[in-house]
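Report on the structure given below.
The values are calculated or read from the model by the stated rules, or taken from the named source; none is laboratory data. Remember, predicted model here, so these are calculated numbers, not experimental data. Every residue, glycine among them, receives a Cβ derived from its backbone with ideal geometry; neighbour counts consider all protein chains shown. Accessible surface is based on the protein model in full, side chains and every heavy atom, while ligands, DNA and RNA are left aside. Shrake-Rupley method; radii C 1.70, N 1.55, O 1.52, S 1.80 Å.
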Protein chains: 2
Amino acid sequence: MAVGDLSMPTMHDIAGIRIGITESYIRYKNRRDLVVFEICEGAQVAAVFTKNAFCAAPVQLARHHLAVAAPRYLVINTGNANAGTGLQGMETAAETCQALANLTTAAAQPVSANQVLPFSTGVIGEQLPVDRLIAGLPHAIADLKVNGWNEAASGIMTTDTLPKGASEIIEVEGQRYTITGISKGAGMIRPNMATMLAFVATDAPIAKPLVEQLLKAVVEQSFNRITIDGDTSTNDACVLVATGKAGGTLIESAQDSRYEALFTALQRVFTRLAQLIVRDGEGATKFISVRVEQGLNSQECCDIAYSVAHSPLIKTAFFASDPNWGRILAAVGKAGVPELDVSKIQVWLDDVQICRDGGAAPDYREEQGARVMQQEEITIRIALGRGSASDTVWTCDLSYDYVKINADYRS
Amino acid sequence: MAVGDLSMPTMHDIAGIRIGITESYIRYKNRRDLVVFEICEGAQVAAVFTKNAFCAAPVQLARHHLAVAAPRYLVINTGNANAGTGLQGMETAAETCQALANLTTAAAQPVSANQVLPFSTGVIGEQLPVDRLIAGLPHAIADLKVNGWNEAASGIMTTDTLPKGASEIIEVEGQRYTITGISKGAGMIRPNMATMLAFVATDAPIAKPLVEQLLKAVVEQSFNRITIDGDTSTNDACVLVATGKAGGTLIESAQDSRYEALFTALQRVFTRLAQLIVRDGEGATKFISVRVEQGLNSQECCDIAYSVAHSPLIKTAFFASDPNWGRILAAVGKAGVPELDVSKIQVWLDDVQICRDGGAAPDYREEQGARVMQQEEITIRIALGRGSASDTVWTCDLSYDYVKINADYRS
């Protein structure tokens, strides 16, 4: 059901990152459900997390660990979100980190439990079978290798139908930097300051405050601009690691001459990873960009874009390839934007203007809309005629299969 | 697919109200799609309308007419919403009112065009075939009769599967008052200060300011507490008429000794009419009450209740009879209520506590939840443990048929 080309690109290794995957029987058999990232000493790590008040135990613990120590390991399990699990959930998350730290005592550089960030995804409200997870850790450690990105992309999937990855090499002032990342998620997607799960690393040498700043900036325009069903998960997390292994002087600020190229490349990788989640949205048959232009500010453009992107009526109309533009107007109108002059509103489906000055475009013919609606990828463009701000949100349609997948998920 | 008993009650006549219905071929043949209410002179009329910025032409005109004259006729067509129709839509709405006024010139009490309130429901974004509507008006006028409520309930339907009505007679201080009303709507339902369409009349003698006050109060706790898909229509309107034909002294304020009984009866009628819309929600198989208690104020209770009631994940889980309480916690957490202490949250499905202090209730067993989920009518009760306010929102589940109905609606 995925929309467009979701095939994995060549996933370039990132010097300083090793990845191990194993089967730990969290929920299903024959499923490599446990992924460990090993991060080299000296790497800079930033992360953003869900704003859901019911954030999961691993999210709470990862946020705490990140504040007090330099992360050296990420542990990610699928099959169980360890969310809504109360104090016991916090304990199992802590035990997981401690167990991984214990495995490093014999190593050259033993780490402490607070240098491990835990991540969980899967069913909410059931206790994590932590013994099985811990039993799997030695196998994951034994499996550590630099070329584990493809397997990791598969290892973190839940209802995803395909693994999701993006990778590119850029050259800036004679220096090659590599960026590689993976993401997962297909339902309960309306990230707020974060995503479902995404892990991106680069070998570029970037100072820690700038890693944090870069992550926030690129997430805001990528994972924070997608929605499948408007449901913000309890476990959203997005991590950016800069290992510095490419060498060269440290990039410390946006004034660095290498910054712009790096920012742009990160933006491409994050946007691809975010859009892959929508393209693989539960039951998705269409990839829809909702672009709102001529607003007073970005916020009102987003409010209207989300109002359109969340409307079940619009999403089902797109599933049916029905250019039902009245539903688009209704969603624009209900967004709650103050003093919106509807007589200034224009709406296009790709290149076809369907609404002019708040009413039907006089020269619009239904066949034109029907032609666009046959496409797998469609842009709804809405011009408000009151300013110069614009913003874009990406979503998918609402099909029988969305209902089927979510009616069946736990059975 | 409707949930529960939606059968029409005995619809008592309201002295001072006559209703005529006819077939005017707005969209379909063999469909009585035009309804006219005649209201006696001296009746007090109040109305509330959609807050959607893209409100339809008839909504704009009805709001204006109501402000400048005492309404004597309501004209309601189904099949076309006359929304997103620009200036031409305003003209056709005005022509409709004028045409009806013209038909009264020979009568004892001719009315002016601004004493007619127009209402339209149906497809958005197509011009109203006003000539056909106007051609139907003489037939509707010829059909005027006091016992037309049942036919009117059918006449205003769109995707409704059944007509919706409520009626009761109360006795207050030896005086009998009758209240009768009809409503319609099954999709694009998340009214904001109004409903899809509802028309309620009573023969009680109530002063105009009090009719307005009563309407606002009862709508707030009835039509403003239902949601099917979170989409606020462009055409929502709700009218309350007090003809005064029951006789007796005018009820002018909430201090009148008859007020409480009248208010309570109106509340019952409005709540029934609102709930009927949810029970007949597009594709609905379950009627779900979301009650939020122990909040700081009604607003945060509503915010959380709507976050739950709008979650496609929860709605599909209910369709599947899956007591997936993790999805309920996630929806509570994403509602954006500030400083929510999740460790104080309790959740029940009817009498079964599924969540205690923010985690799984220790003695909860899946069979208990599964038993409740088999029911057609279910209450989700959420206690926030931070105050004494409470509020309730009614909704339905999200089924294959919702997608089917809305994917097929225009075809």
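A viscosity of 1.306 mPa s and a temperature of 10 °C, combined with the Kirkwood radius over C-alpha pairs in the Stokes-Einstein formula, give region B:119-200 a diffusion coefficient of 105 µm²/s. Between 0 and 90 degrees, the angle of helix B:208-220 with respect to the longest Cα principal axis of chain B falls at about 30 degrees. Annotation: amide H-H contacts under 5 Å for B:V172 (H modelled 1.01 Å from N, sequence separation of 5 or more, or interchain): B:Y177.
Each residue, A:Q375 and B:D357, gets one label point 7 Å from its Cα in the Cβ direction; the gap between the two is 5.6 nm. Of the accessible area of region A:29-148, computed with a 1.4 Å probe over protein heavy atoms only, carbon and sulfur atoms account for 52 percent.
Any idea what log10 I(q)/I(0) is at q = 0.18, 0.20, 0.21, 0.22 Å⁻¹ for region B:1-96, Debye with uniform C-alpha scatterers and no solvent? Each listed q maps to, in turn, -1.08, -1.21, -1.25, -1.28.
Per q in 0.06, 0.10 1/Å, what log10 I(q)/I(0) does a Debye calculation on the alpha-carbon atoms of the protein assembly as shown return? Here log10 of I(q) over I(0) equals -0.43, -1.02. Between B:T22, B:T121, B:T264, the Gaussian network model of chain B with springs among Cα atoms under 10 angstrom shows the greatest mean-square fluctuation at B:T264.
Computed over chain B with a Gaussian network model linking Cα atoms closer than 10 Å, the most mobile of B:A389, B:A81, B:A47 is B:A389.
How high is the FRET efficiency between B:A108 and B:K216 when r is their beta carbon distance and R₀ equals 35 Å, given to the nearest 0.05? Between B:A108 and B:K216 the formula returns 0.55. Nearest 5 is fine: what % of DSSP beta bridges in the protein assembly as shown come out antiparallel, could you say? Around 70 percent of the beta bridges assigned by DSSP in the protein assembly as shown are antiparallel ones. So which residues in region B:35-58 end up with at least 30 square angstrom less accessible surface once the other protein chains are there, compared with the chain by itself, probe 1.4 angstrom? So the qualifying set is B:N52, B:A53, B:F54. Computed from protein heavy atoms with a 1.4 Å probe, the total accessible area buried between B and A is close to 4100 Å².
Of the cross-linked pairs B:K164/B:K334; A:K315/B:K29; B:K29/B:K51; A:K286/B:K29; A:K334/B:K208; A:K286/B:K404, those separated by over 23 Å at the C-alpha level are B:K164/B:K334; A:K315/B:K29; B:K29/B:K51; A:K286/B:K29; A:K334/B:K208. Over all distinct Cα-Cα pairs of region B:287-408, the Kirkwood formula returns a hydrodynamic radius of 14.4 Å.
Considering only A:T249, A:T159, A:T316, the mean-square fluctuation computed in a Gaussian network model of chain A, springs between alpha carbons under 10 angstrom, is largest for A:T249. Computed in the context of the full set of protein chains, the accessible area of region B:287-408 at 1.4 Å probe radius has 47% of its extent on carbon or sulfur. For chain B, the longest principal axis of the C-alpha atoms and the axis of helix B:57-68 are separated by about 70°.
Centre-to-centre, using Cα atoms only, region A:338-411 and region A:250-276 are separated by 30 Å.
For chain A, the longest principal axis of the Cα atoms and the long axis of helix A:86-102 meet at an angle of about 50 degrees.
Think of a 1.4 Å ball rolled over the protein heavy atoms: chain A then has 34 Å² of accessible area per residue. With 5 Å bins from zero, work out the P(r) of region B:59-149 over every alpha carbon pair and list the percent per bin. The distribution over region B:59-149 is 3, 14, 26, 25, 19, 10, 3, 0, given as percents. Using C-alpha pairs under 8 Å with a sequence gap of at least 6, the mean separation divided by the residue count of region A:14-133 gives a relative contact order of 30 percent. Each 5 Å bin from 0 upward holds the following percent of the Cα-Cα pairs of region A:253-311: 4, 15, 14, 17, 19, 17, 9, 4, 1. Both the radius of gyration and Dmax for chain B are 22.1, 76 Å, in that order, over alpha-carbon atoms.
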